[in-house]
Amino acid sequence: MSISLFDRWRNNRTPPRTEPGQRIYAIGDIHGCFDLHARLLEKIVAHANGAADRDHHLVYLGDYIDRGADSKRLIETLIAPPPKGFQAHYLMGNHESMMLQFIDGDNDASVWLNNGGRQTLCAYCGDEVSDPELIHRDLLANLPPAHEDFLRSLKISHSSGDYLFVHAGVRPGVALENQSEQDIIWIRGLFLKSNKDFGKFVIHGHSIEPEPQIRKNRIGIDTGAWRTGVLTCLVLDGVEKNFLST
């Protein structure tokens, strides 16, 4: 994507920047698209090879499961060590939250299944289970402990340099240290419409758009991989910003 998309920052006295020497690859909502993630990761590794002097970080913005067919294979990839030379940071998405709430008995099956969870259930249990009383049992029987541990280990946010990485966004007018988990993984309208300074420049997914949304206080990179075939990565290096995609 053309760097001219970032012209709006050229006149800023203090454009957002990463920590010195750090390059960040932020990856949008994958939703079980194992093949797209594999292709994008190949591009990221090749791109990073051109800057061996950088400290390379992967930041995954959540929503690894649901909607796509290969959530189980994708989680298996994510729990493995990241590519050599990278550190990885994994954030919680609203879909992981819904699945965990179902596992913990905090919502009924329909909340998760009607929001893309059926595909994840099939990925773990094979043929879809229709009896609500059996779904919970069968999922627990087929969900590898390492996968559940991964889901429970997900962070709500990641901060680095002038950037804050979250799944959905933040509530305008609320200090970053006082943001609720609910808003960070679910918010849309109030955040997307806001022109306020959030305290840090926010990188997020969650809200699907045909291409990355570049605003003066945020960048959204959920390009709807599960239905468009386009999985997007935002590359941040100093004050430079660019995109990789499938």
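Things to note:
- Note on LYS155: lysines with a C-alpha under 21 Å away, same-chain residues under 8 apart excluded, are LYS72, LYS200.
- Cα Rg, Dmax (largest Cα-Cα span) when computed across the chain, Å: 18.0, 60
- When the chain is treated as a Gaussian network with alpha carbon springs shorter than 10 Å, the biggest mean-square fluctuation among GLU177, GLU148, GLU19 belongs to GLU177.
- The chain, helix-only ellipticity at 222 nm - DSSP H runs n ≥ 4, -39,500 (n - 2.57), divided by all residues, nearest 500: -9000 deg cm²/dmol
- Choice from GLY50, GLY28, GLY62 showing the highest fluctuation, given a GNM over the chain with Cα pairs closer than 10 Å: GLY50
- In this calculation the C-beta distance from GLU209 to ASP149 is compared with R0 = 30 Å, giving a FRET efficiency of 0.40.
- Rounded to the nearest 20 debye, the dipole magnitude of the stretch 20-245 is 880 debye, with +1 charges on Lys and Arg beta carbons, -1 on Asp and Glu beta carbons, and the Cα centre as origin.
- Segment VAL111..ARG137, full-extension length gain: 7.7 nm, with 0.36 nm per residue of separation and the alpha-carbon distance subtracted.
- GNM top mover of LEU58, LEU121, LEU176 - the chain, alpha-carbon springs below 10 Å: LEU176
- For peptides 200-213, 181-194, sequence by mean Cβ density within 10 Å, most packed first: 200-213, 181-194
- Nearest 10 degrees, 0 to 90: helix 132-142 Cα axis against the chain principal axis: 70
- Reduced Cα scattering model of the stretch 97-239, Debye log10 I(q)/I(0), q = 0.11, 0.20, 0.21 Å⁻¹: -0.52, -1.22, -1.27
FYI, it's all coordinate maths here, none of it is from the lab. What you see is a predicted model; the values in this text were computed from it and never measured. So basically every Cβ, Gly included, is an ideal-geometry build from the backbone, and we count neighbours across all protein chains shown.
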